[in-house]
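Report on one structure; see the data block that follows.
Every number here is computed from the coordinates shown, using simple stated rules; none is lab data. These figures come from a predicted structure and were not determined experimentally. With ideal geometry, Cβ positions are generated from the backbone for all residues, glycine too; neighbour counts draw on all protein chains shown.
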Amino acid sequence: MTTRYPSHCGRIDPAFTRRDMLLKSGAGFGALALSYLLGENASAQPADATNPLRGRPGHFAAKAKSVIFCFMEGGPSHLDTFDPKPLVNRLAGQRIPDSFRPVITPMGEFYSPILPSRRRWAQHGQSGLWVSDWLPNIAECADDIAVVRSCWANGLNHSNGVSQMNTGSIVGGRPSLGAWVTYGLGTENANLPAFVVMQDNAASVNNGARNWGTGFMPAVYQGTRINATTEPINHLNPPANISPAQQRGRLDLLSELNREHASRYALPGDSATGELEARINTYELAYRMQAQAPEAVDLAQETDETKNLYGMDDPLTATYGRMCLLGRRLVERGVRFVQLYHGSGSKWDAHRNIETNHATNCRGSDKPVAGLLRDLKRRGLLESTLVIWGGEFGRTPQSEAGDGRDHNPYGFTMWMAGGGVKGGQVIGSTDDMGLHAVEDRLHVHDLHATILHILGIDHTRLIYRHQGRPERATMNEGEAYTRITG
């Protein structure tokens, strides 16, 4: 490397070259962004703290240390699950009254007749929480969940809605919530990914890997997708004829070549540099996973009673049951954020025949999710694990195609459990038609701020500087709803 010095300066040889610095710096470029970690506290990083995934404290005492997000992709109908609206049935077949329409009608569905709900509703638990007959198993966990009936979002279609629920933005390109959590807190287990994603079928989730990507942040914080099959992690075990020493030697050589390449061509802050550093970290993680991951995903260690609790004895619930059980095993071993997609490929989308669509999807997810709550609770893990249920939006009270419901981002339901959340409560409300959130309205940014708060993170102080701009998970919006934890 040729160094140019100003003519008025004498030449001073550095103590070590740039190449030496890169080789000795451990995590290298991927750690540069950590100088801004957690806002004003970032400058207190120890000089030798080079691992970008090392565990770190939040801004205040956390209620939970991990998250399991049960994402119902396609938009479950709040009107048929957790938010009963008697007026919808009384006005069935009529048009939405003018008093419920927005000033500007964004979609033509306000001229469609109202579709009644065929559900039977009952109050459950000591709290008397209303749940429909489509979710009998979750209903039995009523006293453990807090139902948020006043969610709202900006995305009118699936791509926008899924993107915003995952990244805060209806436009792709920003870091996912799981990536922000990983960036802020790191991992509790260096031998497993900090952020894991699973989906229940081969159909791609809307926007694909961007939902668990890192956008402008280093790729090291992205989610790791594993399979919902009997072999969750492909190619985990090395060939039988490769000894551990040979495997370690190959990895060391590969790492040396990658770092040599970085020292010659990479520039700090360059996206290709971050991707290369993430690749190096991924190779190292993969090697460590060969020791611990097989045990973490080995469901043969579980009793038949536990597997049946998750519905693994039923073909309709077996896949999502396996995913939920794997989620419990992963957070049990220190994984920070687990996202479990049910209905991958917008299978909850019910523009037609909502009765068959939702009956099938509720049947396939109800017992696994309830089993997850019960299993976490009996193992003493529910208090330290925040469980989230919901999709990208809800459905309209009006009919579409005669027997379906359209997208409704203006008011819908999600629920949370564990992680210090006070169960058996209802937060907020929609209007009497279930069309708009009207009381304690919580935007997606508010939901994300609340999730981060439960994890001990102040969303206004979790900062990553991108091109000189302080970026936050909530895009400088949102407010944590702290009353959810009582």
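Sorting Phe393, Phe69, Phe100 from the fewest to the most surrounding beta carbons within 10 angstrom yields Phe100, Phe69, Phe393. For Ser243, Ser399, the sequence from fewest to most other C-beta atoms within 10 Å is Ser243, Ser399.
Pop out the Kirkwood hydrodynamic radius of the range 346-486 from its pairwise C-alpha distances, inverse of mean 1/r, in Å to one decimal. Intermediate results must be reported in sequence, preceding the final value.
On the way: mean 1/r = 0.0581 Å⁻¹.
The answer is 17.2 Å.
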